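> Take a look at the following structure, please.
The values are calculated or read from the model by the stated rules, or taken from the named source; none is laboratory data. Note that the structure is predicted; figures quoted are calculated from it, not measured. So basically every Cβ, Gly included, is an ideal-geometry build from the backbone, and we count neighbours across all protein chains shown.
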Amino acid sequence: MVVDPDGVAVEPIAEFLRDLAARCSSPGSVRSYAYALLRWWRWLHRVDVAWDRATVAEVRDLVLWLSQADKPRRTPRTRSASTVGRTNTVTGKPYLSDSYAPRTVRHSNAVIRAFYEFWIEQGEGPLVNPVVLARSRESGRTNAHHNPLRPFRGDGALRHNPKVPRQRPRALADEHWDALFTELRSDRDRAITSLAVSSAARAGELLGMRPIDLDWGDQRIRVVRKGSRAEQWLPASSESFVWLRLYMSGLGTPAADGPLWWTLRPYRRRGGPGMDRRIPGPAGAGLRPLTYPAMRAVLLRANRVLGTNHCWHDLRHTAALRMSRDEDLSIRDVQTVLGHAHITTTAGVYLVEDDDRVIARVAQHLASRDSRTHAPEPVPAQGYDAGALAILLGGDRR
């Protein structure tokens, strides 16, 4: 719920979010839209413009402000203050910065445009959507009078969208994966990381697993997809099931339809005198289900030792790139395992490799081709004439 400075719900935003939820949008999408509209509402309040009187100028000025402003933080940075906005020398990945990323600004523009499209359809709000399309100056309609000597322009691009930098590779090299796996402290951490790097499941999808979602015979796991909320079986490596067995042997007997991943130590809830109590877990151990912050802390501990900045989504990229390098798997197979609706997402986002590795493989390909080209001419077997074979076979008998 988005509220105004007086704590009253903003009715235009509330109505739009209700319509968004009625279109079977996930709770995460509704929450993301709510935060983007909260930022827009604060901006309109700051510049003293009513929401139904907003123009292109307010959208343009918001984009300019976001390009130089810092994101608000609940607590000041301590350990990460020295690395914010820089590039890790081991992985080559940039650290998160305090400024708004271009993708955040583009998402904000898309949300604001959808918000005003909804109210224009209802017959309220401004007559013209303040978030306009980047149409050609020659015509009000994209490619209406297309010049055949020029390429077609994409329809739907927003005028004030910033350019997105080139996608950088996020997959872990084999040596980095080995070092990361070595730094893990428990069988639970080894089991969940090996599942992530072999099944390409998201962190949230792994945390939602239950013991009944494990198929020990066929070595598969069942996850609930993030967007569609559909159940899907994914293959996993035999090594990950070995670590799963070791983890569950020390866990006890969890409920078949309960959480699979639990904390390693008992949790005590703090309160007043006599308020401390243990939360029931497997076999009454007083454990609680593993959360994403606790799961993220596993990688943070390893990153501090290794001097890296790996995250859980890097393991999904690693699994996708490993599968794409297998000649027996097609890109359609990779798309199915990743659960993407469009193959362009698989190829354009997850199969990005380091330029040095690509150049090395191409150089190796050219060297092997040259060696095949300069191979000695095979000698015909006894009783065959070389000239007759050249005429019959075209001169190339390899």
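> Any residue at all in segment 300-309 that's closer than 24 Å to P235 by Cβ and exposed (fewer than 13 other Cβ atoms within 10 Å of the Cβ)?
So in segment 300-309, the residues closer than 24 Å to P235 by Cβ come out as none.
No, because not a single residue in segment 300-309 is closer than 24 Å to P235 by Cβ and exposed (fewer than 13 other Cβ atoms within 10 Å of the Cβ).
So that you can scan it fast, the table gives a plain yes or no per residue for (1) surrounded by fewer than 14 Cβ atoms within 10 Å (Cβ to Cβ); (2) under 13 Å from R39 (Cβ atoms); (3) assigned by TED's automatic domain parsing to the domain that holds L300; (4) acidic (D, E):
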position: E58; (1), (2), (3), (4): no, yes, no, yes
position: S67; (1), (2), (3), (4): yes, no, no, no
position: D70; (1), (2), (3), (4): yes, no, no, yes
position: T78; (1), (2), (3), (4): yes, no, no, no
position: T89; (1), (2), (3), (4): yes, no, no, no
position: P94; (1), (2), (3), (4): no, no, no, no
position: S97; (1), (2), (3), (4): yes, no, no, no
position: R103; (1), (2), (3), (4): yes, no, no, no
position: R106; (1), (2), (3), (4): no, no, no, no
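> Quick one: T193 ticks every box in (1) of a type in the set (S, T, Y); (2) at pLDDT below 90; (3) in contact with a Leu (Cβ under 9 Å, 6 or more places away or on another chain) bar one, so which box is it?
(2)
> Determine, yes or no, whether V337 is more than 18 Å from L234 (Cα to Cα), surrounded by 14 or more Cβ atoms within 10 Å (Cβ to Cβ) and in contact (Cβ under 8 Å) with a residue 40 or more places away in the chain.
Numbers: more than 18 Å from L234 (Cα to Cα): no; surrounded by 14 or more Cβ atoms within 10 Å (Cβ to Cβ): yes; in contact (Cβ under 8 Å) with a residue 40 or more places away in the chain: yes.
Here the answer is no, as V337 does not meet what is asked.
> Say whether the condition of being closer than 30 Å to H310 by Cβ, more than 25 Å from the chain's Cα centre (by Cα) and not aliphatic (A, V, I, L, M) is met by at least one residue in segment 23-43.
no
> Here's something else I'd like to know. Taking the condition farther than 19 Å from P126 by Cα, of a type in the set (D, E, K, R) and more than 26 Å from the chain's Cα centre (by Cα), does D61 pass?
Details: farther than 19 Å from P126 by Cα: no; of a type in the set (D, E, K, R): yes; more than 26 Å from the chain's Cα centre (by Cα): yes.
So D61 fails the test.
> Here's something else I'd like to know. Looking at segment 40-56, which of its residues are of a type outside the set (F, W, Y), surrounded by 12 or more Cβ atoms within 10 Å (Cβ to Cβ) and touching a residue at least 24 places away in the same chain (Cβ under 8 Å)?
Within segment 40-56, H45, D52, A54, T55, V56 qualify.
> Residues in segment 20-34 that are closer than 11 Å to K226 by Cα and either modelled with pLDDT of 90 or more or not in a loop (DSSP other than H, G, I, E, B) (or both): how many?
So the answer is 3.
Conditions tested, residue by residue: (1) part of a helix (DSSP H, G or I); (2) surrounded by 19 or more Cβ atoms within 10 Å (Cβ to Cβ); (3) more than 29 Å from the chain's Cα centre (by Cα); (4) touching a residue at least 40 places away in the same chain (Cβ under 8 Å).
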{"site": "L206", "(1), (2), (3), (4)": "yes, yes, no, yes"}
{"site": "I212", "(1), (2), (3), (4)": "yes, no, no, yes"}
{"site": "V223", "(1), (2), (3), (4)": "no, yes, no, no"}
{"site": "S240", "(1), (2), (3), (4)": "yes, yes, no, yes"}
{"site": "R245", "(1), (2), (3), (4)": "yes, no, no, no"}
{"site": "P259", "(1), (2), (3), (4)": "no, no, no, yes"}
{"site": "L264", "(1), (2), (3), (4)": "no, no, no, yes"}
